[in-house]
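The values are calculated or read from the model by the stated rules, or taken from the named source; none is laboratory data. Small disclaimer: the values here were computed from a predicted structure and weren't measured. Positions of Cβ are backbone-derived with ideal geometry, glycine not excepted, and every protein chain shown enters the neighbour counts. Please note that ligands, DNA and RNA were not included when accessible areas were found on the heavy atoms of the full protein model with its side chains. Shrake-Rupley method; radii C 1.70, N 1.55, O 1.52, S 1.80 Å.
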Amino acid sequence: MAALNLRPYQEEAATFLFERDRAMVLAPVGAGKTLITLTAMSEMGIKWLVFAPLRVATSVWPVEAAKWAPGLRVRAAVGTPKQRQEAFEDPDADIVVTNYDSAHSLPDLSGFGGVVFDELTRLKNPSGKRFKAIEKAVTNIPIRWGLTGSFTSNGLEDVFGQVKIISEKLLGRRVGVFRQQYFTSILKGAYVEYEPVPGALQHVMARIKHATYLLEPGVYKDKLPPLHTVEVPVEMDLTEYDTMRKDFVLQFGTEQLVAENAAVVTQKLAQLASGFVYGEAGDAHWRSNHKIDAVMDIINENQHTPTIIWYQFVAERDLLVETFPQAVDVKTDGAIDAWNAGRVQILLAHPASAGHGLNLQHGGNHMIWMTLPWSLELYEQAVGRLHRSGQARDVWCYVVQTKSTIDEKIWQALHDKRSLATIALECLK
């Protein structure tokens, strides 16, 4: 089938979908699941409905379609009831994208020939109101595809609902029967927990294998595995940012913050782009949670796989510790050994203190930049903690950037190797 500048695995996955009415793609965040799906969609000649998290529905599908499949017109059915209705009734829309939370107010979907469930784990509970509403609404849609990072983040029991919405022929219709086949019930006080019986995971995966495309990282011996760098654009209110950029002054509450020169203002702009600013006494004033929300989305969508989060400011580290109580700072005694042994889910690190000399490749293959460093060397050395000899899997590097801020300038400068003085001048124009 026609390829849109696809990598080999993306073309293979798109063909896998195209050849199946009921199918799932299991791949990490940033692997190009949207591109894969758009490629397959473009060959089908039918009208599509896509369920996705709100941020993905509004910021990913329309943008990716315009870039990779300009022949497909996408409408986002979000917002007010009137706006959602207009999107659903648009006769020129090839793809209508809506968020899972609108499941209770779906219109007649008889005009759709296919449905895609982006972030399929949102439908892991077959007894929930959301699942039941969507299941009823899509009853007569013949083609169903699901996109996910993992079926089993919270246990094997999660698999049933996700697979059922795609096809009841794979694991059956009733969760009770599924549990009888693959679980032992254990009474714990007033609650019943289900423990998988030996071999259950293997049997379940075997039953869905023919309908699932799995992106496997592969094993590399004599060369480094691929490094996938994924830009994660986020937005915030730029009122205070623009005030600091133009006037070198910011008023919040009873405190007035004055940047004495361009060097100071660039640091303040970097702080504001991250959602906070340090006051005169050194205390952090948080203005926005847009970046920590994005970090949480990445962690959740990757099903809590071990991840290094690189921070630039102490205030960011403090917020990360508060948000992820299980996180471990790389400077903690025994942290590196625990990470490489697979006992740490989230490792926090500053590129200046952990960017050189540490072997972290055995503990995971995912990293997130909450804020980029100013130094190209620090960036490259930090990425090299995972992307180095001995790493057996593809490395995924997520770079969170606030749109229309100094973040974009720093990221571009790291590519162009321009001086920081040039960045400062550009940000102040």
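From the set of residues in the range 143-155 that are crowded, with 20+ Cβ neighbours inside 10 Å and not in a loop (DSSP other than H, G, I, E, B), which is farthest from the chain's Cα centre (by Cα)? Break it down stepwise before answering.
From the range 143-155, those crowded, with 20+ Cβ neighbours inside 10 Å are 145-149, 151; that's our starting set.
Then drop every residue that is not not in a loop (DSSP other than H, G, I, E, B), which leaves 145-148.
Values: 145: 19, 146: 16, 147: 12, 148: 10 Å.
The residue in question is 145.
Of all residues in the range 330-344, which are crowded, with 17+ Cβ neighbours inside 10 Å and in a loop (DSSP other than H, G, I, E, B)?
If the condition is that a residue be crowded, with 17+ Cβ neighbours inside 10 Å and in a loop (DSSP other than H, G, I, E, B), then 330, 344 are the ones that fit.
Taking interchain pairs and intrachain pairs at least six residues apart, which have beta carbon atoms under 9 angstrom, with the first residue in the range 182-195 and on the phi < 0 side of the Ramachandran plot and among the β-branched types (Val, Ile, Thr) and the second assigned to a loop (DSSP other than H, G, I, E, B) and open to solvent by 80 Å² or more (accessible area, probe 1.4 Å)?
Pairs found: none.
Return the total of residues in the range 286-321 being out of contact with any helix residue (DSSP H, G or I) (no Cβ under 9 Å at 6 or more places or on another chain) and more than 28 Å from residue 390 (Cα to Cα). If you could, list the steps in order and put the result at the bottom.
Of all residues in the range 286-321, those out of contact with any helix residue (DSSP H, G or I) (no Cβ under 9 Å at 6 or more places or on another chain) come to 290, 298-299, 302, 304, 314, 317-318, 321.
Cutting the leftovers down to more than 28 Å from residue 390 (Cα to Cα) gives us 290, 314, 317-318, 321.
Of the residues in that region, 5 qualify.
Can you name every residue in the range 17-55 that is at pLDDT 95 or above, in a helix (DSSP H, G or I) and open to solvent by 30 Å² or more (accessible area, probe 1.4 Å)?
Within the range 17-55, just 18 meets the criteria.
Please work out if residue 359 is under 30 Å from residue 34 (Cα atoms) and open to solvent by 10 Å² or more (accessible area, probe 1.4 Å).
Numbers: under 30 Å from residue 34 (Cα atoms): no; open to solvent by 10 Å² or more (accessible area, probe 1.4 Å): yes.
It is false that residue 359 is under 30 Å from residue 34 (Cα atoms) and open to solvent by 10 Å² or more (accessible area, probe 1.4 Å).
Could you run through the range 386-412 and say how many residues are over 25 Å from residue 289 (Cα atoms), at pLDDT 75 or above and open to solvent by 10 Å² or more (accessible area, probe 1.4 Å)? Give the derivation first.
Step one: list which residues in the range 386-412 are over 25 Å from residue 289 (Cα atoms), which gives 386-395.
Within this subset, residues satisfying the condition of being at pLDDT 75 or above are 386-388, 391-395.
If we keep only those that are open to solvent by 10 Å² or more (accessible area, probe 1.4 Å) too, we end up with 387-388, 392-394.
So the answer is 5.
Could you pull out every one of the helices (runs of 4 or more DSSP H) wholly within the range 56-142 that has 1 or more residues that are under 21 Å from the mean Cα position of the chain (by Cα) and surrounded by 21 or more Cβ atoms within 10 Å (Cβ to Cβ)?
Details: elements: 61-68, 81-89, 129-137.
Counting at least 1 such residues, we get 61-68.
Suppose the filter is at pLDDT below 90 and part of a helix (DSSP H, G or I); does residue 201 pass it? Walk me through how you get there before you give the answer.
Values: at pLDDT below 90: yes; part of a helix (DSSP H, G or I): yes.
Judged against the criteria, residue 201 is a match.
For residue 6, work out the one condition from (1) at pLDDT below 95; (2) of a type in the set (A, V, I, L, M); (3) open to solvent by less than 10 Å² (accessible area, probe 1.4 Å) it doesn't fulfil.
Failing condition for residue 6: (3).
Need pairs with beta-carbon distance below 7 Å; first residue closer than 15 Å to residue 98 by Cα and within the range 57-82, second open to solvent by 60 Å² or more (accessible area, probe 1.4 Å) and modelled with pLDDT of 95 or more; sequence gap 6+ or separate chains.
73/92
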